[in-house]
Every structure is written in structure tokens, then in C-alpha cells.
1. Roughly how much of B:Lys17 is accessible, in Å² to the nearest 10, using a 1.4 Å probe?
2. Rank A:Thr279, A:Thr124, A:Thr18 by mean-square fluctuation in a GNM of chain A with C-alpha springs under 10 angstrom and give only the top-ranked residue.
3. If the only charges are +1 at each Lys and Arg Cβ and -1 at each Asp and Glu Cβ, what is the size of the charge dipole of segment B:5-48 around the Cα centre, to the nearest 20 debye?
4. So if we plug the beta-carbon distance of A:Arg136 and A:Asp212 into 1/(1 + (r/R0)^6) with R0 = 30 Å, what FRET efficiency do we get, rounded to 0.05?
5. Once you charge only the Cβ atoms, +1 for Lys and Arg and -1 for Asp and Glu, what is the size of the charge dipole of segment A:118-217 about its Cα centre, to the nearest 20 debye?
6. Report relative contact order for segment B:162-293 in percent, whole number only (criteria: Cα-Cα under 8 Å, sequence separation at least 6).
7. Between the helical axis of A:72-88 and the dominant principal axis of chain A, each derived from Cα atoms, what acute angle in degrees is found, rounded to the nearest 10?
8. Please give the charge dipole size of the protein assembly as shown, origin at the Cα centre, charges +1 on K and R Cβ atoms and -1 on D and E Cβ atoms. Round to the nearest 20 debye.
Protein chains: 2
Amino acid sequence: MRVRLEDVARAAGVSPKTVSRVLNDEANVRAPTREKVRAAMAAMDYRPHQSARSLASNRSFLIAMLYDNPSSNYLTEIQAGVLEACDLHHYSMMVRPLHVGEGGFVERIDRLISHHRPDGLVLTPPITDHPGLLQRLHERRVLYASISPIERKGTIGAFIDEPEAARRMMATLLALGHRRIAHVIGHPGHGASQWRLAGYRQALAEAGLARDPELEVAGDFSFGAGVAAARRLFSLPRGRGPTAVFAANDDMAAGVIWAAGEHGLSVPRDVSVCGFDDTPIARQIWPALTTIHQPSREMGRIAALQLLDSLRGRGPGAMVQAPFSLELRESTAAAS
Amino acid sequence: MRVRLEDVARAAGVSPKTVSRVLNDEANVRAPTREKVRAAMAAMDYRPHQSARSLASNRSFLIAMLYDNPSSNYLTEIQAGVLEACDLHHYSMMVRPLHVGEGGFVERIDRLISHHRPDGLVLTPPITDHPGLLQRLHERRVLYASISPIERKGTIGAFIDEPEAARRMMATLLALGHRRIAHVIGHPGHGASQWRLAGYRQALAEAGLARDPELEVAGDFSFGAGVAAARRLFSLPRGRGPTAVFAANDDMAAGVIWAAGEHGLSVPRDVSVCGFDDTPIARQIWPALTTIHQPSREMGRIAALQLLDSLRGRGPGAMVQAPFSLELRESTAAAS
DNA sequence: CCTTGGCGTGACAGCGCTGTCAATTTGCCG
DNA sequence: CGGCAAATTGACAGCGCTGTCACGCCAAGG
């Protein structure tokens, strides 16, 4: 039979309740007692039974991560970060793919919560911004952390300064002499799309350049959208086309480069291309992509830690800003 | 307060134990009773409390998926499949990244099992083939399903006929007139590497072509390894270099195409390139990659279903063969 | 010196479910 | 219709832990 809390208590010469207190880092245990219990736990290699703890304390020690995001690179990074945080506090993590548009989206999550009873959720874009869901979570008093939500106020989690990052990217292109810079916009439901577009526009304005609606092309973060957008851009009459394309993420940038090949354009000689996110694909295409590096894993970790802090009653948790960096690679060059 | 099993029992006019029986699909409940209970459950929107079930029955209703694989595309697919199967049977899934080479690898899993007590595991390559781990799992009597393990005997899970797939790919290249075909080998620890190499060699033999050691280049499934391998291949003197490169996976094939760009070679005009796995990158590079499509998600689902079957005492579970298909795209053409 | 109050600890009763085993009912046969 | 085995149902005692509350102790204040 496995070691139970009761066994530890007997070995340490204290009551089960005291062992429980030590296990849960509760106050009001004298230091020597605490040490004695800790020693007994270690000596007996005691592993608390999570289900029993859950049943008795009405907590699950479980965090659920919800996503509706086609970018598996992004997701595994976030997931790894959340997992690190969970391990640190002996929580488990479960993951759940969803489809925001689908009927019964909120009900599906509701059922998930009833079934698995996670103590908290980690939301990723665009789930972070589903009003119906957020309201339901408030009603049910389910705590959650958000990664890069549109509305940061009153929410805990992690984000980067996206408009600033986009401006930085634009500054780089402008410094290379580009004046006709196109932007391939991300999925309309994502905050990232708005912010990156805003940064793009602001950079143009700051440089004293006029916005050209023809150079702002809709997309949805997918490779295919990048291809489609680029086809339109590269079909523009000479003089009205771009010398540089800033895609709102790497996948679309890869699509743009793909389409450049199709149109017989050489990157970066004929046209510069840059992306955003620094997913592995940025280094796996030719030429390697100039992009903004986003510390996804770190952001997952931070968000989960904030959530865990607030779950364990260690402060209210915060919305933490993470740093980004610009990765200058071979897909950008001076304007010809 | 939430609805408990006892409440359902009262509503249905039976004992709690009978409701429990219905909940667990046990035998020896008369059909009308079963229906009565089912109706009460539905009417009251009863959700069993997993922790209570776990505590009382000593099962966790949890499957853990273990991986040590850098390909996030592959992983999220498998993960999605496993999750589908888990949902079907109201199990939860947890995921755990690991590093096979690291010290304490087996102990780490041991601790994971003690802590979370999963009812079973789903293993992915190369964890499927770690002798120390498998022995430990047998000792602890932990059930597991494997995806594409080297040793299929006595194991449940899913696989595809890899040598046959590799042969099929080679047949395609041979039919295009290629005679000097290189192979970039996968990570030595993976069964897939052996099988794909074996299929490559067998196809050569069947075509009456001699093996050329210079054309079998070591790799490790990473993009970088593809680049390195291709640099060696493309530096071979004229006449000794390949007219086609069959990389053991898509990432390396992408690396080969990348290196081709570097060497001023045009794909597929100067050299044909093909991969294996059909991950998203196969369509996101230019030219799009001819490759073998592997139904990863389906394989994850099948493996998990086999595991669940055997966990729930519904038969012993089996090692199931899944179908593959050859995707002919733009990276291959007739030999020049 | 006696309160008062807070700290440290333990006794006890469940949390919501299932295993065990006994009680009851049913079906079937002679 | 009685008798017996099998099928069906229920009573009860936990699973391993924590919430609640009661108790004993000691320092500080009057």
C-alpha cells in the first residue's frame, strides 16, 4: 500500500491535520513541527493523493488552457510555459481546442468546467475576447488569465507592446529607404491585428507618409491569406506596388515570399518582406524572415503564474508586460 | 449546491449504488431501471464528481501523453486525436514534454505517475522505444499505447507501413527518371529513420541500382540538419551529386530546398526534393513539397482508443495500421 | 495574580462516490 | 406449484484528505 498522510503523521508524531497544514503551507505551524513533518514526508517519499485532496477541499489543482488557434508553433510554446508554471506549484494542466464561431461555444466550456472543475483557465487569443464567455466566467466565478487580450483592464495575464513592436519594425523598413510599404492585416477577431495595424499606420504618420488603402490588405494570419494578399499587391501597376511588405505574422509573410517566387520577384532584392512572432517558420524559409520575436513560452509561464498566485490567495495577480525584440534576417534589404 | 448521485437516486427511486452502476455502464441493471435512472440524470443535469469517483474507485480517468519531439505540428495533431478519443469516453488528457537523454528520465515519469496517477499513457517516438522506461511501466503495471514504436509486438497503438511508404516515394522518383537519388536520414533514435532508410535502400535494390554511401547523409529530422546535409550533397563533384533528394521528413526537406537556394540551384528544375509526414510546412515553402501524408491525428485517436478499450476492460487492444498517401506537389519533376 | 486573546494542535465528521457482500426478486425447471 | 440458481438491487463502510471547531498553552495587560 502507498504511504498516506496518516502514516506520515504517525511517523512524525503529530496529528494528520498538522501534516495537512504543512502540506498546504498553512500558517500557524511552529517551525520545528513543520520541519519534523517535512522530514518525515521526505523520508517516506510521501505523495499526496490529488483526488482525495480535491474531494475534501473542493479544489482540483487543475488549470485548463483553452485555444482556438491554428498556429501550432505558437500553441506548443504557450503550452510549455503554462506547464512550467503548473509544475512549479504541483498543479496539472489540461488543454482544450475550441472553435469560437461554433454554436454552443460558451456551453461547451461551461460543460468542460462542470466536468473537470479546473481551478482556473488560461485563455489565448482570440478566446480572450469573447464577451459571452467572459461574462459566463464571471457569473460562475471562474478565475482566468489571458494572453494578449484586447481589453487588459481588470484582467491578469501577459502581453507585449504590440503597437510599439510594429512601429519598431516599420522604423527598420523606413531606415532602409522604403517608402511604399504594404501591410497584410491579421485576422479581424484578434487584438494583435488591430494593434499591429495601428502601429503600422502610426509609423507612417510619424514619417510623414500618406496611407495608401491599396497597400493595406486584409488577411487572417494564414499562409494562404499571405499568398492571396501578395498576389494582389504584386499585380499593382508599376509605381503603385510596394517595395516592402510587412505581414502581421510569420505565416502570412511566408505566404508573401511564396507568392513573390511565383511572380518572379526576388526577396529581398525586388521586395523586402517581414513578419511578426518569430515562429520556427521564420528560419525555415529562404530567405530567413526579419520578424518580431515574441517570448510566447515566457508569456504562457507568466500568465499561469499570475493565475496560480491569485488562486492560492497570494495577491491579486497582475497583467504583466513582456519584452519583444526585432530579429533582423535576410528577407529585408535597402529599397532599390 | 450541485446535484449529487444521491439526489439522482432519490429522484429515480433507486439506491445510490444503482445509479453508480448505470453511470459506469455496469452489467446487471434491468433495462427499465437503467432508463429511469438515465432519465433522472438527464433531467437534473447530473455531472459526476471526478475526484470522488477517482478516490472511491482508485482510477483517475486521466490519460497522460508523453513526448520528446521538436515538431510541434506533429504533436498538436497527435494531441488533438488523443483528445478526441478521451472526450468520447469522458477521460481527461494531460501532456508532458520530456527529454529522453536527460538524467533521471525514467524517475521523472515515475514521479509523474505517482503524482497524477494516470490510468494509462500514450507514448510518441522516440519515447516509445526507451527500454528502461518500458520496463518500469511493466513493473508498475501501467498500461500504455504507442504511436509508431520500433517494436510493435506486444504493444497497442497505431502505425503506418513506413518502409512501404518510403518505397512508394522512391518509385515516384524513379519513374521520373531519377537514378542518383540521395536520402537524408532521420534521427538515429527514431524507428522512422530506420524504416524510411530501409525503404529507400530496398527501392534502389529493386530498381537494380547500387547504393552510394555518399548519397546517404545523416540527419536528425531538424531543418538545420537538412541544410547541412544538402550542403554536402550539393558540393559533390558534377556527376556524383544527386538529381533528387529524399529527406526523411518535411523539415529536413525544407532545409534541403533552403540550401538549394543558397547554392543557386532551382527546385525542381535542377534537383527534385521530397519529404515525409506532410506537416503544414510542406505547403508553406516554395515550391510546395512532394511528401508522404501520415494521418497523425487519426493515429493519435486510434492509439488512445485502443488504450481506453483495454483500460475499460473492453478487449485487449490492438496495434492498428493506418493508411498513408503520397502527395505529389511541385518540388519534384522529371530528371534533367 | 488573574484575565484575555491569539497561537498551535488535534478530534471528528464528512467530501461524493464505489467495492463488498448480503438481501431480494426473477426466471426456469421438474 | 415448489425449489433453486442467477439476476438484480441495496446497505454499509470506507477511499485519503481537509474544514470546523474545540482545547490547551503562553504572553501581555490590568
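1. The accessible area of B:Lys17 comes to roughly 100 Å².
2. Result: A:Thr18 has the largest fluctuation of those listed.
3. On the way: 8 positive and 6 negative charges, 27 e Å.
The calculation lands at about 140 debye.
4. Working: r = 42 Å, r/R0 = 1.41.
The pair A:Arg136/A:Asp212 has a calculated efficiency of 0.10.
5. Details: 12 positive and 11 negative charges, 11 e Å.
Using only the charged Cβ atoms, the result is roughly 60 debye.
6. 24
7. Once rounded, the angle reads 20 degrees.
8. Details: 78 positive and 70 negative charges, 395 e Å.
The dipole magnitude comes to about 1900 debye.
The values are calculated or read from the model by the stated rules, or taken from the named source; none is laboratory data. These numbers come from a predicted model, not from an experiment. Cβ: placed from backbone, ideal geometry, glycine included. Neighbour counts: every protein chain shown. For the accessible areas, the whole protein counts, side chains as well, though only heavy atoms, and no ligand, DNA or RNA atoms are used. Shrake-Rupley method; radii C 1.70, N 1.55, O 1.52, S 1.80 Å.
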